[in-house]
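Bear in mind these aren't lab numbers, they're just calculated from the coordinates by the rules spelled out. Small disclaimer: the values here were computed from a predicted structure and weren't measured. Neighbour counts run over all protein chains shown; Cβ positions are idealised from the backbone, glycine included.
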Amino acid sequence: MVHLLAVWLPLLLRLAQANPVVVPLTRRPGLVPKEQRRLSQTDEARLFGNLHALGSYHVDMLVGTPGQMQSVIVDTGSTMTAFPCTECGTKCGTHIDPPFDPQRSSTFRWVQCSESNCRQCSADGSTCGYSVRYVEGSSISGKFFEDVLHLGHAVRANSRHSVWLGCHTEETNLFLRQDPSGIMGLGDADWDVLTALMGGPLERRVVALCLSNDGGAMAFGGYNESWTPLEAPLQSVPYGLHYSVSVTGAALRTPGGQSVELATLAGRYAMDSGTTFTYFSNSQALALRSAVASACGAGACGSATRASSSCWRATEADLDRFPQLHIAMGQATYIWQARGYLSSEHPGLWCYTFRGDPPLTLGASFMRHHLVVFDRDAGMLHFAPSPCPSVASRNDSVPLHLAQRTWTAATTIGPSPAPITTTAEVASVSASRGQPLAVSLALASLVACMPLC
């Protein structure tokens, strides 16, 4: 299973520094008169996956007419949506779903080299292609096509709209062994699935994710509070390149009221759903582990005992006595509870879900048990704790209420950030982590970066 990694070097970014604000929940009015084409406020779907068994979270989508199911990892750290096609044959791995078959779709068409967004022709000389290589040796290549996409299963009342997608004709190494068929890049880009849907059924460029221990919920265009109820007021903070946010301070707080300041955790972090764990610098991770161990000394965390430098032997009840990490992002505060920074690998064994290995990244482990809204229209990240729905398999039934949409208000932010340096440098940092099956589409040393990259 691929543990996708983040795509940025925070020290190389020059990012906007607008102050974060708390945004009230308000219903956004429709953008067009009633007699015109009706816009769907949100498209919703269930998420599947977890940290330790799969290492990622993925969503189902139907592609083509009739729809063919494809499972794709939700990755806010990259921008291309792609998966294997039938012509890949033995050059692609065996995944959850069969390869997409272009001949079975009546709405399929290849994207031609002559089209304005195409930057490189494929080997056949007529279709638009892509080729991505990674420092550790993995690669994907293929051709772009256009077809209709439907988020989730057919039973959902989601919209169908034509988008550009990648059709793998070859996967190597780590890509061969991942469980989901492909990847859905949700990074902030000029051309991706979300931007394409803005040309059709969606009013707003908004992605909402709510990750639980098993599965969760996802929405385009907004979010549904009846499905992902909030346990605290929604807070907001402006983001920079690669959904990066500024952490201005942190404190570890015990249930008894003691507080230990961890100013060393300050820095710029990318919020990346495609990264399994959360990454600090080595000194930051050591400081956090030490502070937790100190807070749990003398039986303060119940029967919990250290199993190793990175794991605890503890019960579910013990976790309620572990300290919480309060992370300041300007005026906003993100509370990372023990069930977020620890995860159960085996019954009674809880291990840290953060590592000391930059670049600084707030991964899926950080996002769990929160509604996190990536609001591109406002240039903001909105978040609040939420009992995200648990979905273990496609057979699980989770009610998705289509009423009660809530929206965040738009807020202007500062100037656009400076671009990152070469993708080869980013890929070198990522590969050095040595994570099993650790790659990201946008962490690559690109041979060619195509329209959706």
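Computed values, structure above
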| quantity | calculated |
| --- | --- |
| The stretch 196-258: equivalent-ellipsoid semi-axes (sqrt of 5 x gyration tensor eigenvalues, Cα, Å) | 29, 18, 11 |
| Computed lengthening from residue 90 to residue 300, 0.36 nm per intervening residue step minus Cα-Cα distance | 70.1 nm |
| Potential lengthening between residue 390 and residue 309 on full extension [0.36 nm per residue; Cα-Cα distance subtracted] | 26.2 nm |
| For a label point 7 Å along the Cα-to-beta-carbon line of residue 112, residues of the stretch 120-134 with backbone N under 12 Å | 126-128 |
| Net charge, residue 291 excluded, C-beta distance under 12 Å - Lys, Arg +1, Asp, Glu -1 | +1 |
| Neighbour-count order for 91, 143, fewest beta carbons within 10 angstrom listed first | 91, 143 |
| Efficiency of FRET from Cβ geometry, residue 172 and residue 282, R₀ 35 Å, rounded to 0.05 | 0.70 |
| R0 of 56 Å, Cβ-Cβ distance residue 346-residue 162: FRET efficiency to nearest 0.05 | 0.75 |
| Radius of gyration and maximum dimension Dmax of the stretch 219-325, Cα, Å | 16.6, 49 |
| Taking the C-alpha atoms of the stretch 235-389, convex hull volume expressed per residue in Å³ | 111 Å³ |
| Calculated FRET value between residue 320 and residue 153, using beta carbons and R₀ = 25 Å, to 0.05 | 0.10 |
| Cleavage-rule hits, chymotrypsin sites (Phe, Trp or Tyr not before Pro), the stretch 176-244, DSSP coil, Cβ neighbours within 10 Å at most 13 | none |
| Inter-site label distance for residue 120 and residue 293 at 7 Å from Cα along Cβ, in nm | 4.7 nm |
